[in-house]
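*Asks:* Here's a structure for you.
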Amino acid sequence: MSLSHSSQPTGLHVKRLAEKELVALFALMMSLTALSMDAMLPAFPFIAESLAVVDYQKTQWIVSAMILGMVFGEIFFGPLSDAIGRKKSILLGISVYLVGSVVALLASSIEMFLLGRMIQGFGVAGPKIASRALIRDMYKGAAMARIMSFVMMVFILVPMLAPSIGQLVLQVADWRWIFGLLMTQATIAGLWLLLRQPETLSKENRIPLNRKRLVADVRIILSRGDVMAYTVLLGCIFGGLMLHISTAQSIFQDVYDTGDRFPLFFAMLAIGSAVINFSNGKIVLRIGMLRCVISALSVLLTSSFVLLLSTFYFDGVPPFVLFMGLGMVMFSCFGMVFGNVNAMAMEPLGKMAGLGASVISSLSSFLAIILSTVIGQFYHFTVTPLASGFVIFSIIAFVMLRYGYKYSQRHTVE
């Protein structure tokens, strides 16, 4: 069955890549984000030793610093891709990412290393944001959903495999070579895009950067109670994910003594999320987005509360089998929450969807950094802070979902 392409919304008669090549290119490019975070996890102890980091809590910033850079990058590259084109924005982002990788690779102090991670995060926002816009230029409806589903399949598999990739590098080389691997992937993706993918946004359809217009549009987005409620909800769930990523290496290797099997168990926790994400398309058509999110949050709150109770009973360290079982249930909820709440947040924004995506993504990421960092400070080689964080975040998410839904219903009636 042939794909239904968009009717040239950009004004360009773009020569499209073959579907398999297009999916491979953008999966490689968009997976840079997940690989840059998760491939570093097995290297935390080595980085701490190499950079003389005494306080373990500081290693949590290895992830948080990159997300912080992404917060500002997402705000920057969203409007920029509308002004100068998708291709230039992606290539600029990859160039900045490479600069950040070099800074982190050569760092001799934790401060310089974290600066490199922030620059990495700022740069990777370019391909993350502009790639989606480029695909949206070329496809619409079912065709776009089809392409994005293939890309997201790879996007989900990467976090599962990334720690194994990092572990493999550590078996043959120093932790700094992980950045060499990341730079190689970014360079290949950039050259592939440069040589094979045409620009999809014509000059006549570009929107010049205008401070007054941007400020006015951002104010409209921020004034929408439902959009902001769903953004906070996303920030809470993303905060839980960041808390998990930041403490996973220590929980698996220091608390449960899994050693080199850490990447395997880390991947096992993501299996449920992958399965549910693949099934979400059929489930949402049957019961709707709202019921999907309510169901997912109910399961997340219940399982995290059971995990919290077990930490009280077992002095902070429940049996590994119980931790893994409840963890797989908890993480199976993520795909359903992220996909559906993103769609619910974008629904009221209409023509401001591009800028809206940047605002929602950056604000939710910033909130996630604050929440995960605050809870992460209580981590001291027990599972209790992780379980407590998920319980707190789930409760806030429920409150935001209720408020956002009621707000949208009132404004629909009006």
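Each reported figure results from applying straightforward, stated rules to the coordinates on display, with no laboratory input. The structure presented is a predicted model; accordingly, all values stated were derived computationally and were not measured. Every residue, glycine among them, receives a Cβ derived from its backbone with ideal geometry; neighbour counts consider all protein chains shown.
*Asks:* For Tyr139, enumerate residues with amide H under 5 Å from its amide H, sequence gap 5+ or separate chain, H modeled in the peptide plane.
*Replies:* Ser6
*Asks:* With N denoting the number of residues in the range 218-344, provide Rg(C-alpha) divided by 2.2 N^0.38 Å, to two decimal places.
*Replies:* Ratio of Cα Rg to 2.2 N^0.38 Å: 1.18.
*Asks:* Can you give the charge dipole size of the chain about its Cα centre, rounded to the nearest 20 debye, using +1 on the beta carbon of Lys and Arg and -1 on the beta carbon of Asp and Glu?
*Replies:* Numbers: 30 positive and 20 negative charges, 352 e Å.
Taking the Cα centre of the chain as origin, the dipole is about 1680 debye.
*Asks:* Sticking with this one: How high is the relative contact order of the chain, in percent, counting Cα pairs under 8 Å that sit 6 or more residues apart? Walk me through the intermediate numbers first.
*Replies:* Values: 620 pairs, mean separation 102.2, N = 414.
Relative CO of the chain lands at 25 percent.
*Asks:* At 0.36 nm per residue, and after removing the present C-alpha to C-alpha distance, how many nm does the segment from Arg219 to Lys203 gain when stretched out fully? Before the final figure, lay out each step's value.
*Replies:* Details: separation 16, 0.36 × 16 = 5.76 nm, distance 2.69 nm.
The Arg219-Lys203 span can extend by a further 3.1 nm.
*Asks:* Kindly state, to the nearest 0.05, the FRET efficiency for Leu309 paired with Lys406, given R0 = 41 Å and r defined as their beta-carbon distance. Mind dumping the intermediate values first?
*Replies:* On the way: r = 31 Å, r/R0 = 0.76.
The computed FRET efficiency comes out at 0.85.
*Asks:* Beta carbons within 10 angstrom, averaged per residue: use that to sort the peptides 117-130, 302-315, highest first. Could the numbers behind the result be given before it?
*Replies:* Numbers: 117-130: 27.2, 302-315: 16.9.
Highest to lowest by the protection proxy: 117-130, 302-315.
*Asks:* Next question, about the same structure. For the pairs Lys88/Lys128; Lys87/Lys203; Lys212/Lys406; Lys58/Lys128; Lys20/Lys128, note any where the Cα-Cα span goes beyond 23 Å. Provide the component values of the computation, followed by the final result.
*Replies:* Working: Lys88/Lys128 13 Å; Lys87/Lys203 12 Å; Lys212/Lys406 31 Å; Lys58/Lys128 27 Å; Lys20/Lys128 19 Å.
Violating the 23 Å limit, Cα to Cα: Lys212/Lys406; Lys58/Lys128.
*Asks:* To continue, here is another question. Assuming 0.36 nm per residue, please report the length gained on full extension of the stretch Ser295 to Thr187 beyond their Cα-Cα distance. Kindly include the intermediate steps, with their values, before the conclusion.
*Replies:* Details: separation 108, 0.36 × 108 = 38.88 nm, distance 4.15 nm.
That works out to 34.7 nm of additional length.
*Asks:* Taking θ as phi - 60°, what are the ³J(HN,Hα) couplings along the range 176-190 by the Karplus curve (6.51, -1.76, 1.60), each to the nearest whole Hz, with x for Gly and Pro?
*Replies:* Those phi angles translate into 5, 5, 4, 5, x, 5, 4, 5, 5, 4, 5, 5, 4, 4, x Hz.
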